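Every read-out reported here was derived from the displayed coordinates using simple, explicitly stated rules and does not represent laboratory data. Here the structure is a predicted model, which is why all the values come from computation and not from measurement. In this analysis, Cβ positions are derived from the backbone assuming ideal geometry, glycine residues included, and neighbour counts consider all displayed protein chains.
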Ligand code: SAH
């Protein structure tokens, strides 16, 4: 028998490559990089695509949804400028990966998805990873979470044509919201909204492609 050299990368090499890809795409904030180093993306991806978890690409998850590309997660998290005392709201739990990263940076994370199955699966991973500062909910997140408002930071990981009014209303003065806007079948842009005493300031970031923010609860598949 011939002993073939094993050229698969080791776990340490994979992590190095993962962090290198993030840096080269503009994720330079050290707290964000540390959080992303601490949260293994592997458990958030099941089945066929699990072995691609450490590549910088979006991947399919259950219910016809996608887990975002790590560099986009990094850029959105960086733009959110989260500090350790912050209460953060995420709309679009999906796999739970973005919420897990936020949980390393913020005091408390509330994350909402319209698919019950995704919420249950994400919650199980949070428990496994001992991330105790995340609260999960199944609901239409475009109404926000009035009973916990206002929020220091809000992140939406599904695209709406415009920032939903209830979310803008639930952002604190001094708060930041990051979200993709645009039609789901056309070019979308990430935008950052700052709420100041003088009103809302908008910043346009890069072009992206997200699944649409839909109304009502989803049918689980
Ligand atoms: N942040 C996720 C990726 C999100 S994919 C991750 O880290 O994996 C977008 C998610 O938004 C999908 O799971 C979809 O079900 C959810 N979504 C779409 N419209 C929604 C709405 N109105 N309320 C809550 N979740 C919504």
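For the chain, set up a Gaussian network in which alpha carbons nearer than 10 Å are linked by springs, and say which option among 196, 111, 135 fluctuates the most.
Of 196, 111, 135, the most mobile in the Gaussian network model is 196.
Report the antiparallel proportion of the DSSP beta bridges in the chain as a percent, rounded to a multiple of 5.
Among the beta bridges of the chain, antiparallel pairing accounts for roughly 45 percent.
Could you calculate the FRET efficiency of residue 124 with residue 187 from 1/(1 + (r/R0)^6), where r is the beta carbon distance between them and R0 is 45 Å, rounded to 0.05? Write down the numbers at each step before the final one.
Numbers: r = 35 Å, r/R0 = 0.78.
E between residue 124 and residue 187, to the nearest 0.05, is 0.80.
Rank the residues 45, 101, 154 as a footprinting-exposure proxy: fewest other Cβ atoms within 10 Å of their Cβ go first.
On the way: 45 19, 101 24, 154 31.
Fewest-to-most ranking of 45, 101, 154: 45, 101, 154.
Would you calculate the separation in nanometres between label points at residue 34 and residue 117, each defined as 7 Å from the Cα along the Cα-to-beta-carbon direction?
For the pair residue 34/residue 117, the computed spacing is 3.8 nm.
Let me have the relative contact order for the chain, percent, based on Cα pairs under 8 Å that are six or more residues apart.
RCO, the chain: 16 percent.
For segment 11-208, report the convex hull volume of the alpha-carbon atoms normalised per residue, in Å³, without decimals.
Measuring per residue, one finds 114 Å³ for the Cα hull of segment 11-208.
Work out, step by step, the length gained on full extension between residue 50 and residue 13: first 0.36 nm times the residue separation, then minus their alpha carbon distance; give nm to one decimal.
Going from the current span to full extension adds 11.6 nm.
If each residue's Cβ is checked for other Cβ atoms within 10 Å, how do 115, 143 rank with the fewest at the top?
143, 115
Suppose we keep just the alpha-carbon trace of segment 108-221; what are its Rg and Dmax in angstrom?
Just the Cα atoms of segment 108-221 yield Rg and Dmax of 14.6, 45 Å.
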